[in-house]
Amino acid sequence: MATIPRLGADHELGEIPAALDRFGCCVIEHAVDEAVMDNIAAEMAPFAAATAHGTGDFAGSGTRRTGLLLTRSPTFRTQLALHRAIVAAGDHVMAHAPTWNLSFAHYFELFNGEPNQFLHKDVWKYGAPPFSVEVDLNALWAVTDFTEDNGATRVVPGSHLWEEDRWPTDGEDIPALMAKGSVLLYTGRLFHGGGAHTGDGARLAVNTQHTVGWLNTTERLLLEYPPEVVADWDDELIAFIGYRLAGPALGHWRNAEDPFVAIEEHRLAAPRETDGR
Ligand SMILES: O=C(O)CCC(=O)C(=O)O
Ligand SMILES: [Fe+2]
């Protein structure tokens, strides 16, 4: 029976690539302190309270998904968005591409009564022919514990290597049980899905998706985070949401310029007031 590789908080970054190559997923235990998760939950609570529940089989009526995380949660922006585990995983999984970047960041609340989400591969969102390489590296951060009865994400370890016509059979999916502060990393070709919530309390999570620079992002990040909003952020994060060239001749702005010029122009017009966060 396949298992989910679990790396302790003191793991070597080099262990992540090996786990993802072989299993398509891994859990990093206690990747951040619990207080980081408490801060994110507190920052997102007012926005989540105003968010409608999902509709349909995929989004789920027992789930609330709240976006604009980078501005609404400064803790997410400064502590998780470019966490070293994400960078190590993305640099490995998408090493074949000139660049990779954030694609999506949402705060997920899963409530009692939500059934199993159908097992899927996140790359299905592209509606594209099968990819011969991984193009996504995604993450579910445990803002609360992920348990068997509060809907821990179910994954099918190793399924990222399956032939296109192979589907999971009963018992092949296993729950990614993890403590608050841990993170499940998984590739875009891995079968997975949210678990059924039959317990108490909300299962809280942050879901981030990351993709190669030559694909569309799940969210229109430059519309969500325009230059006047991001100009004070770290340059690395600004580039990570798409303000940079995505390939030898891809992702230009205006007269074939690097889109980061938009940030520089904004900074000249409105000098920075902070030191980068
Ligand atoms: O909430 C979860 O555990 C998984 C969600 C998921 O896989 C998705 O929405 O694509
Ligand atoms: Fe998914």
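The values are calculated or read from the model by the stated rules, or taken from the named source; none is laboratory data. Note that the structure is predicted; figures quoted are calculated from it, not measured. Every residue, glycine as well, gets a Cβ built from its backbone with ideal geometry; the counts of neighbours run over all protein chains shown.
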May I ask you to say which residue of A152, A196, A176, A205 is among the small types (G, A, S), more than 10 Å from ligand 1 (Cβ to nearest atom) and at negative phi?
A196
Condition set in contact (Cβ under 8 Å) with a residue 40 or more places away in the chain and under 15 Å from N207 (Cα atoms), scope the range 47-59, selection nearest to ligand 1 (Cβ to nearest atom): answer is F58
Hey, does the range 91-109 have a residue that's under 27 Å from G201 (Cα atoms) and in a loop (DSSP other than H, G, I, E, B)?
no
Among (1) part of a loop (DSSP other than H, G, I, E, B); (2) in contact with a helix residue (DSSP H, G or I) (Cβ under 7 Å, 6 or more places away or on another chain); (3) small (G, A, S), which single condition is A139 missing?
(1)
If you check L110 against the conditions, is it touching a Lys or Arg at 6+ places or on another chain (Cβ under 6 Å) and within 16 Å of ligand 2 (Cβ to nearest atom)?
yes
Elements of type helices (runs of 4 or more DSSP H) contained in the range 173-277, each with 3 or more residues being at pLDDT 95 or above and buried (at least 16 other Cβ atoms within 10 Å of the Cβ):
221-224, 235-240, 260-269
Conditions (1) at pLDDT below 95; (2) within 18 Å of F108 (Cα to Cα) -> G14 fails only (2)
